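Readers should treat all values here as calculations from the given coordinates under stated rules, not as data from a laboratory. Keep in mind it's a predicted model, so treat the numbers as computed, not measured. Note that each Cβ is placed from the backbone with ideal geometry, even for glycine, and that neighbours are counted across all protein chains shown.
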Amino acid sequence: MSAHVIEIVPEAVCPEVLSRADAFAAVKAVFAAMATGDARNFPVVREALAAGGPLYGFKSGHDLAGGVLGVKAGGYWPENLARGLTNHQSVVALFDPETGQLSALVGGNYLTAVRTAAASAVSIRHLARADARVLGMVGAGHQSAFQLRAAAEVHRFERVLAWNPHPEMLPKLAAVAAEIGLPFAAVEREQLCAEADVIITITSAFEPLLLADWIRPGTHLACMGTDTRGKQEVDAALLARAQVLTDEVAQSVSIGEAQHAMGRGLITAADVTAIGAVITGAHPGRRDSEAITLFDGTGVALQDLAAAAMALRRAREGGLASKATL
Ligand code: NAD
């Protein structure tokens, strides 16, 4: 039996090779491919290892158009920060779609953050009002810095307002805003909703943090924290008032923010639109300047695979992909 060589892009190499612009392009392209049926995600496996403990699972998919097949394995270990480790731990395995042979292993931690931020950035680019100037951040954990950087790169914001259930985490986010030259203020939730044109939510909340009546007409929300049954960041009533878009409708209504509005009979799956349809032009997107648009970013396998494939390509170009024999 002949030896089989695989490529490895170590976790530490991923931030060096995968830029935010690359992640944005990869995620946008795969959202479009999902909308045309050229790429599909397989059912997610996500299991709690202990009540309130780590979540472990697999997200896999196939991008026929891009020739990418693979799986992200890993999950969320809530106690990791105390150990000096990232809460999210994962690795992406890419397979040759022709032969099924493992072709590469790519560190998944940075990829997860950068592809999640790219998804909300894609939503901002396609759904926010062109005259949006104030960015509201709800959440100040690991992902929030990536979210802020990506949003600021795709839209010209003038200032950032932020709120977090644990206010002691906000200075880290303030430092990111300072680094990218945006004025930053920590405010209460109602004020954030009254002034922000675009709101990103990226928390581990299990109850609504933002009430429907606080949200002004014309606001765009990217709700990125809810990726599991039971989680919730915004009032279910908001989804009945908003134009709801998502990465994948099946995930949105089962594990995303839309699960609650669905469960209460406020919306049906037909009220939720895949953002890929807006990217391809099949759906017009924002109805008018008064509409509230809400992107329910649940996180799909194809985002991970697209980002991993791009990281592998860039690592190869830079001579930073190592090889191993299997
Ligand atoms: P983190 O642990 O670094 O930060 C957690 C954030 O949630 C902080 O803002 C914290 O103050 C807040 N929080 C913690 N417990 C809370 C509670 N009980 N109620 C309300 N808020 C609470 O986590 P992170 O890596 O920044 O991830 C944030 C969220 O984003 C998680 O829920 C994670 O699962 C989710 N996530 C989603 C995607 C996606 O594709 N949609 C990808 C990655 C992470």
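Test of understanding: what is the full-extension gain from ALA270 to ARG229, defined as 0.36 nm times their sequence separation minus their Cα-Cα distance?
Working: separation 41, 0.36 × 41 = 14.76 nm, distance 1.97 nm.
12.8 nm is the gain from fully extending ALA270 to ARG229.
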Notebook entry, point to check: Once Lys and Arg get +1 and Asp and Glu get -1 on their Cβ, which of TYR76, GLY181, ALA12 lies farthest toward the positive end of the dipole of the chain?
Noted result: ALA12
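Okay, helix-only estimate at 222 nm for the chain: each DSSP H run of n ≥ 4 adds -39500 (n - 2.57), divide by all residues, round to 500 deg cm²/dmol; what do you get? Can you show the working numbers first?
Numbers: 11 runs with 110 residues, N = 326.
Computed mean residue ellipticity for the chain: -10000 deg cm²/dmol.
Counting other beta carbons within 10 Å of each Cβ, put ILE279, ILE124 in order, fewest first.
Numbers: ILE279 22, ILE124 25.
Sorted ascending by nearby Cβ count, the order is ILE279, ILE124.
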Check: Of the residues SER123, SER289, SER252, which exhibits the maximal mean-square fluctuation in a Gaussian network model of the chain defined by a 10 Å Cα contact cut-off?
Finding: SER289
Item checked: Table column - 3J(HN,Hα) (Hz), the stretch 211-220, Karplus curve with 6.51, -1.76, 1.60, x for Gly and Pro -> 8, 4, 5, 7, 7, 7, x, x, 6, 10
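Report the full-extension gain for the segment ALA282 to ALA48: residue separation times 0.36 nm, less the Cα-Cα distance, to one decimal in nm.
Values: separation 234, 0.36 × 234 = 84.24 nm, distance 3.79 nm.
Additional length available on full extension: 80.5 nm.
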Notebook entry, point to check: What Kirkwood hydrodynamic radius do you get for the chain when you take the inverse of the mean 1/r over all pairs of distinct Cα atoms, in Å?
Noted result: 19.8
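If you add up the charges near GLU257, with Lys and Arg at +1 and Asp and Glu at -1, over every other residue whose beta carbon is less than 14 angstrom from its beta carbon, what do you get? It would help to have the intermediate numbers written out before the result.
On the way: positive: ARG229, LYS231, ARG241, ARG264; negative: GLU207, ASP227, GLU233, ASP235, ASP247, GLU248, ASP271, ASP296.
Computed value for this residue: -4.
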Notebook entry, point to check: With the chain treated as a Gaussian network of Cα nodes joined by springs under 10 Å, which of LEU192, LEU182, LEU302 yields the largest mean-square fluctuation?
Noted result: LEU182
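Dipole magnitude of the chain about its Cα centre, charges +1 at Lys/Arg Cβ and -1 at Asp/Glu Cβ only, in debye to the nearest 20? Walk me through the intermediate numbers first.
Numbers: 27 positive and 33 negative charges, 60 e Å.
So the dipole magnitude of the chain works out to roughly 280 debye.
Is the C-alpha gyration tensor of the stretch 276-326 telling us rounded, prolate or oblate? Criteria: a/c under 1.5 is rounded; beyond that, a/b larger than b/c is prolate, otherwise oblate.
Details: a/c = 3.92, a/b = 3.12, b/c = 1.26.
It is prolate, given that a/c is not under 1.5 and a/b is the larger ratio.
For the stretch 126-299, give the magnitude of the charge dipole about the Cα centre (Cβ charges: +1 Lys/Arg, -1 Asp/Glu; no others), in debye to the nearest 20. Intermediate values should be presented prior to the final figure.
On the way: 14 positive and 21 negative charges, 29 e Å.
Here the size comes out at about 140 debye.
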Notebook entry, point to check: Which whole-Hz ³J(HN,Hα) couplings does the stretch 155-169 yield from phi under the Karplus relation 6.51 cos²θ - 1.76 cosθ + 1.60, θ = phi - 60°, glycine and proline marked x?
Noted result: 8, 7, 8, 9, 7, 10, 10, 9, 9, 9, x, 10, x, 5, 8
Next item on the list: In nm, give the distance between the simple-model label positions of GLU11 and ASP131, each being 7 Å from the Cα along the Cα-to-Cβ direction.
Entry: 4.6
Next item on the list: Would you please classify the overall shape of the stretch 212-274 from the alpha carbon gyration tensor, given that a ≥ b ≥ c denote the square roots of the eigenvalues, rounded means a/c under 1.5, and beyond that prolate means a/b larger than b/c while oblate covers the rest?
Entry: rounded
Margin query: So if I take the centroid of the Cα atoms in the stretch 67-113 and the same for the stretch 243-273, what is the distance between those two points in Å?
Written below: 26
Item checked: Contour minus Cα-Cα distance for GLN101 and ALA194 (0.36 nm per residue) -> 28.2 nm
Item checked: In Hz, Karplus ³J(HN,Hα) per residue of the stretch 96-113 (6.51, -1.76, 1.60; θ = phi - 60°; x = Gly, Pro) -> 6, x, 6, 10, x, 6, 4, 10, 7, 10, 10, x, x, 6, 4, 4, 4, 5
Notebook entry, point to check: With the contact rule set at Cα under 8 Å and sequence spacing of 6 or more, what percent relative contact order holds for the chain?
Noted result: 23
Note to self: How are the alpha carbon pair distances in the stretch 1-125 distributed across 5 Å bins from zero to the largest one, expressed in percent?
What the structure shows: 2, 10, 16, 21, 22, 15, 9, 4, 1, 0, 0
Next item on the list: Starting from the amide H of ALA291, placed 1.01 Å from N in the peptide plane, find each other amide H under 5 Å away whose residue is 5 or more places distant or on another chain.
Entry: GLY218
Next item on the list: Rounded to the nearest 0.05, what FRET efficiency do ALA3 and ARG313 give with R0 = 25 Å and r taken as the Cβ-Cβ distance? Could you check?
Entry: 0.60
Notebook entry, point to check: Using a Gaussian network for the chain with springs between C-alpha atoms less than 10 Å apart, which of these wobbles most: THR246, THR99, THR112?
Noted result: THR99
Checklist line | Nonlocal amide H pairs with ALA282, under 5 Å, H built at 1.01 Å | finding: none
Margin query: Let me check against my output: what whole-number percent is the relative contact order of the stretch 126-299, with C-alpha pairs under 8 Å and at least 6 apart?
Written below: 23
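For the stretch 65-178, what class follows from the C-alpha gyration tensor (a ≥ b ≥ c being the square roots of its eigenvalues): rounded when a/c is under 1.5, otherwise prolate if a/b is larger than b/c, else oblate? Don't jump to the answer; show the numbers that get you there.
Values: a/c = 3.55, a/b = 1.46, b/c = 2.44.
Oblate.
Just want the ordering: ILE8, ILE200, from fewest to most Cβ atoms lying within 10 Å of their own Cβ. Please report the intermediate quantities before stating the final value.
Numbers: ILE8 16, ILE200 31.
Fewest to most other Cβ atoms nearby, the residues stand as ILE8, ILE200.
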